[in-house]
Amino acid sequence: MKKKKASLRIITLYLIIVLLLGAIGFMSYKTFFEDSRLHRLGYTYRQIRQLKEYEIAEKIEDFNQSLLYALNSREFVRDNLPYYLLFDSQMDLTRIVNELAKNYSVKDVELMRSFMSDEQIESVIDHEKINDIAALKGIIEKGYDLAEAIRLANALPAESVSHFLSLYQLSQPENYLRYLENGFDDETVCLIFNKLGDEGFNNLSFMHYFSELYGMISSELFDVEMLPRYLMYYHAGNSSTVTKSVSAVNAKKDVVEITDYSTLDVRNPEKVEESSVTMLVNRSHQLSQSYLPESLKDVDADYRYGPCQLTEEALSAFKAMADECLAQTGKQILIYSGYRSYAAIQKDYQQALIDSASNYQMIDSFMFKAGFDESQTGLAVEILEKGQEKDDFSSSAALKWLKENAYNFGYVLRYPQDREFLTRISFSDTHFRYVGIEAATIMKEYGWSLEEYHYLLTGK
């Protein structure tokens, strides 16, 4: 019995030894071929030992110089080994990878590597953290540069990304965000782009939110030049549906012939609180008696008939416009009236009443009462061509040039002939208003008066 047990122990020991030798042999065999594989890839035996030390030898498929730089760098962070393994470059990317690891998961960086170059990834660390790498991928694939794509990926709500990517590349993608900030939903924003194209999409991005817009733009009869009038007509309660408003305005049912301007004063006018180049002052928008524009400047003698003032911005734009008009036409335009105070407007109005024997109907056709006259803003000018009488200006070369080019300098003809039913004052070809280049360009493009532009801007 004892001999039998002894024999079993010997056999067991023998088996253990055989298994150990086999394991040692297998490991040696594996090590030999693993070392040979890595050596063939270009690693030295010292580098191979280093790869084994960090237990990453089996993960190596190519010669990775950037990994070797990392393993031998003073900035090496062992926890970042999964990140180092993602890069295969001849450059030392240790610092860059360490910075990426502070903000992004391995999965995030792996996704970056699938669509970005090393140079792009290197520049990522100089930007704010990217919240949605998948969104960034889609935006870059649309053709946007990295900086723009990062800004968009971070700014677009998650639910908006797919809508944004459904559009062709936008020339001004920030305007998509502008629409969202103004309250529009993605479906309406996409409809605006698809209906109006890139230029129209950009032009209307200043617009106040209107819930009726989707229905109006969806109409086959929609005409963007009529848009403010559609909205005005509908909001005035003149039509029960937005579709009927479109049809009515297209038929010019909103156009009313004015026979007596003295009846147009509004009982409770909107108080104008803003001070901007697009501020609206008219019979329904009133400035306070104390309103005084900021930065009023005296107009240089070469640009005026008599002493007058404008805001600094309006004056600078007028001088540039006058110089260009002279250069192109040989005609010099001069200001004969600029800023007027509340008191001066009131005095002029009272004097006009005296001179006309209180003919309100006549006076109100071309003058506003104090508080309702935009000359108090310092943004309005009365213009004449040097050497001509006021009655001759309508046929002057200077006016022809201004009608075509004033918008390039931020000026518009304030009271156009076909907009009297909106401006509620008779046509004037000498009265121009500074509104800034952006607004003037849009107003010129669509033939809008300031009333129309301001309604789209503010909703009132």
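Worth pointing out:
- Residue in the range 434-441 that is surrounded by 21 or more Cβ atoms within 10 Å (Cβ to Cβ), among the hydrophobic types (A, V, I, L, M, F, W, C), more than 26 Å from Lys390 (Cβ to Cβ) and in contact (Cβ under 8 Å) with a residue 60 or more places away in the chain present: yes
- Within the range 421-430, the set of residues being touching a helix residue (DSSP H, G or I) at 6+ places or on another chain (Cβ under 9 Å) and not hydroxyl-bearing (Ser, Thr, Tyr) comprises Leu422, Arg424, Ile425, Phe427, Asp429.
- Of all residues in the range 163-209 being in contact (Cβ under 8 Å) with a residue 60 or more places away in the chain and part of a helix (DSSP H, G or I), the one that is farthest from Glu220 (Cα to Cα): Phe206
- Cβ-Cβ under 6 Å pairs, at least 6 apart or on other chains, the range 113-132 side within 18 Å of Met91 (Cα to Cα), far side surrounded by 13 or more Cβ atoms within 10 Å (Cβ to Cβ) and not aliphatic (A, V, I, L, M): Asp118/Ser89; Ile125/Glu99
- Subset of the range 318-341 that is surrounded by fewer than 18 Cβ atoms within 10 Å (Cβ to Cβ) and under 22 Å from Lys297 (Cβ atoms) - its residue that is nearest to the chain's Cα centre (by Cα): Ala320
- Selection count, the range 90-105, where residues are farther than 14 Å from Ile125 by Cβ and surrounded by 15 or more Cβ atoms within 10 Å (Cβ to Cβ): 1
- Residue in the range 372-379 that is farther than 23 Å from Lys297 by Cβ and surrounded by 21 or more Cβ atoms within 10 Å (Cβ to Cβ) present: yes
So that you can scan it fast, the table gives a plain yes or no per residue for (1) in a loop (DSSP other than H, G, I, E, B); (2) at pLDDT 90 or above:
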position	(1), (2)
Leu38	no, no
Glu55	yes, no
Leu68	no, yes
Arg74	yes, yes
Asn80	no, yes
Met91	yes, no
Glu99	no, yes
Glu110	no, yes
Ser114	no, yes
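- Here Asn408 fulfils each of the conditions (1) surrounded by fewer than 16 Cβ atoms within 10 Å (Cβ to Cβ); (2) more than 39 Å from the chain's Cα centre (by Cα); (3) assigned to a helix (DSSP H, G or I); (4) polar (S, T, N, Q) apart from (2).
- Options Asp265, Asp348: the member that is within 26 Å of Gln417 (Cβ to Cβ) and modelled with pLDDT under 95: Asp265
- Among the residues listed as Ser240, Ser245, the single one being surrounded by 16 or more Cβ atoms within 10 Å (Cβ to Cβ) and either closer than 18 Å to Glu420 by Cα or not β-branched (Val, Ile, Thr) (or both): Ser245
- Selection count, the range 412-460, where residues are of a type in the set (A, V, I, L, M) and farther than 16 Å from Ser276 by Cβ: 3
- Failed criterion for Glu294 (all others in (1) at pLDDT below 95; (2) of a type in the set (D, E, K, R); (3) over 22 Å from Leu450 (Cα atoms) hold): (3)
- Hits in the range 224-252 - residues which are in a helix (DSSP H, G or I) and of a type in the set (A, V, I, L, M): Val224, Met226, Leu227, Leu231, Met232, Val242, Val246, Ala248, Val249
- Number of residues in the range 315-365 that are part of a helix (DSSP H, G or I) and of a type in the set (Val, Ile, Thr) equals 4.
The values are calculated or read from the model by the stated rules, or taken from the named source; none is laboratory data. In this text the structure is predicted, and so the values were computed from the model without any measurement. Because the Cβ atoms are built from the backbone with ideal geometry, glycine has one as well, and the counts that use them run over all protein chains shown.
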